[in-house]
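> Here you go, one structure.
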Amino acid sequence: MTASSLGQQDGSPADLVAPAAPAAPARAGLVVLACCLGFFLINLDATIVNVALPDIGRRLHTGLSGLQWVVAGYTLAFAGLLLSAGAVSDRIGASRLFGYGLLAFSIASAACGLAPDTGVLVVARVLQGAAAAAVLPASLALLRQSLADPGARARAIAVWAAGGGAAVAAGPVAGGFLTAGLGWRAIFFVNVPFGLLAMLGVARATRSVPQRSSIDLPGQLAAIVALTGFTFAVIEIEPKGLHSPAVLLPLLVSIAAALCFLRVESRGLSRGLSRGRSRDLAPMVNLREVRSPVFASCLLTGFAINFAYYGIMFVFSLIFQEERGWSPASTGLAFLPLTVFVLAANILSGRLTRLIGPRYPMAGAQLLEAAGFLSLLLVGAHGPTWLLLLAMVPIGIGGGVASPPMMTALLESVPAERAGVVSGLLSSCRQAGGVLGVTVFGLLISPVGFGMATGLRVAAGTAAVLLAAAALVAFRSIHSGVAAHGADGR
């Protein structure tokens with residue numbers, strides 16, 4: 001929840017783009033607007049689709065597993081490709097990648113809106129996610145290269161981050177009204193004119209200077225196969241059954257790919273260090289950094305927040321429309337207690353973290369969010385509406401408060417030259433949490449799982465346990481002297 005709110009504002013390896021001549025003020029303003037608009041769109045698409053899911057299911061005659069793929073296809077490609085997107089941005093230039101990414105995102109959005117069936121829609125959603133993975137690191141890199149003044153750059157990045165948070169908050173409401181007024185296809189078509197508008201803005205950007213940057217292709221492929229295989233296996237449990245070869249084979253492939261990923265990353269690092277060419281042979285993930293308690297706790301927190309947030313959004317969309325017969329517009333408005341509090345808490349949390357450090361806000365926020373999920377155990381899927389909406393408040397506040405201290409602790413735990421790389425890894429981890437949240441929650445509420453009533457309670461309990469565990473790890477790992485610890489694993 002995708003440094004801001006629950007979106008994807010954690011940055012990426014492309015933060016370390018080769019310097020280019022700063023743009024003139026008027027041109028720089030257009031570039032900043034284009035970057036913020038592009039970032040807004042890719043965050044909006046992570047949440048706008050949830051409210052439209054019941055309408056998509058009815059119009060395209062698809063079941064729960066098909067709807068899970070509509071959501072997971074986007075975040076799956078986003079999570080997997082984000083690991084290498086920063087290196088690609090460095091290699092071909094941020095301005096070029098941003099333009100290509102926006103063009104691909106706009107075309108994929110149009111393909112989603114024109115999709116005649118679920119299969120085509122899912123493929124188009126995967127292409128959308130791949131394009132979003134290109135836009136994210138390139139947009140931040142462009143902000144950094146277009147503004148020479150550090151103060152102006154900091155303000156632009158703050159606007160960029162706030163735009164992503166606003167997109168996450170606006171997604172359910174916009175999706176509800178667009179679906180109610182024009183149908184589910186409108187939530188995709190709306191991206192096209194704004195994507196083209198952002199492309200016009202970035203056309204005024206100074207051309208980024210490409211630089212030599214390694215791409216860990218074996219590690220990238222292994223990560224994609226591992227995440228995709230696991231997601232496929234869990235989603236297919238509902239239509240195929242737990243013991244089906246269509247479930248067991250992808251699960252085995254996922255495990256093998258995960259082991260392969262660990263081996264590739266560990267061997268890549270050792271070869272690079274032994275030959276003194278760590279830049280040329282650098283792996284995507286520095287396993288020594290991951291073993292750092294602070295680093296690991298931040299990755300766990302990012303995963304847990306998105307797992308809980310996107311999972312519960314998926315379930316609530318179905319409860320409000322399928323179980324209670326609400327319109328898409330009413331469902332979108334019902335998410336306001338969740339999304340508005342996420343955005344407001346995120347803004348206030350940055351100030352709180354500066355005052356007292358990241359430890360207590362990060363741990364306390366996750367405990368508050370866990371309490372919100374525990375309250376769902378009492379309310380249940382068929383409880384009073386006002387109690388369901390009330391439970392969203394601590395979930396939204398907790399998720400919003402946890403993000404800034406998490407990012408602060410992460411960046412203080414690694415050397416400055418590694419900031420972009422580890423930010424990209426955190427973004428990928430958060431996206432993976434969102435994918436698995438939708439997948440697991442969907443399985444639990446399915447007929448193969450526990451059904452809606454019991455499934456919601458099991459899902460809420462699972463989220464609460466995960467968040468509480470992440471809070472405990474954060475409290476034990478993060479101390480006032482975070483910056484003294486970190487990447488070297490000491």
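> Quick test for you: out of A167, A162, A156, pick the one residue that is buried (at least 18 other Cβ atoms within 10 Å of the Cβ) and at pLDDT 85 or above.
After applying the criteria, what remains is A167.
> Consider S95 carefully, then state whether it is closer than 18 Å to A46 by Cβ and of a type in the set (G, A, S).
no
> May I ask you to say which residue of V88, V70 is open to solvent by 10 Å² or more (accessible area, probe 1.4 Å) and of a type outside the set (G, A, S)?
V88
> Test A174 against the criterion of being among the aliphatic types (A, V, I, L, M) and touching a Phe, Trp or Tyr at 6+ places or on another chain (Cβ under 9 Å), and give yes or no.
It is false that A174 is among the aliphatic types (A, V, I, L, M) and touching a Phe, Trp or Tyr at 6+ places or on another chain (Cβ under 9 Å).
> Out of Q128, Q145, I need the residue that is buried (at least 22 other Cβ atoms within 10 Å of the Cβ) and over 21 Å from the mean Cα position of the chain (by Cα). Which one?
Q145
> Also: Identify, by number, the condition in (1) more than 19 Å from the chain's Cα centre (by Cα); (2) open to solvent by less than 30 Å² (accessible area, probe 1.4 Å) that G119 doesn't meet.
Result: G119 fails condition (2) only.
Rundown of residues vs (1) in a helix (DSSP H, G or I); (2) charged (D, E, K, R); (3) within 22 Å of L140 (Cα to Cα); (4) touching a Cys at 6+ places or on another chain (Cβ under 6 Å), yes/no style:
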residue	(1), (2), (3), (4)
G332	yes, no, no, no
T339	yes, no, no, no
E369	yes, yes, no, no
L376	yes, no, no, no
G383	no, no, no, no
L410	yes, no, yes, yes
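> Exactly one condition in (1) part of a helix (DSSP H, G or I); (2) of a type in the set (D, E, K, R); (3) modelled with pLDDT under 85 is not met by R430; state its number.
Exception for R430: condition (3).
> Next question, about the same structure. Select from the stretch 179-199 the residues that are out of contact with any Ser or Thr (no Cβ under 8 Å at 6 or more places or on another chain), among the hydrophobic types (A, V, I, L, M, F, W, C), more than 16 Å from P328 (Cβ to Cβ) and open to solvent by 10 Å² or more (accessible area, probe 1.4 Å) and list them in ascending order.
F194, L197
> Given the options L136, L97, L76, name the one that is crowded, with 23+ Cβ neighbours inside 10 Å, assigned to a helix (DSSP H, G or I) and over 16 Å from the mean Cα position of the chain (by Cα).
None of the other options fit; the residue is L97.
The values are calculated or read from the model by the stated rules, or taken from the named source; none is laboratory data. Being a predicted model, the structure only gives us computed values, none of them experimental. Quick reminder, even Gly has a Cβ in these numbers, built from the backbone with ideal geometry, and neighbours come from all protein chains shown. Just the protein is used for accessible areas: all its heavy atoms, side chains included, with ligands, DNA and RNA removed. Shrake-Rupley method; radii C 1.70, N 1.55, O 1.52, S 1.80 Å.
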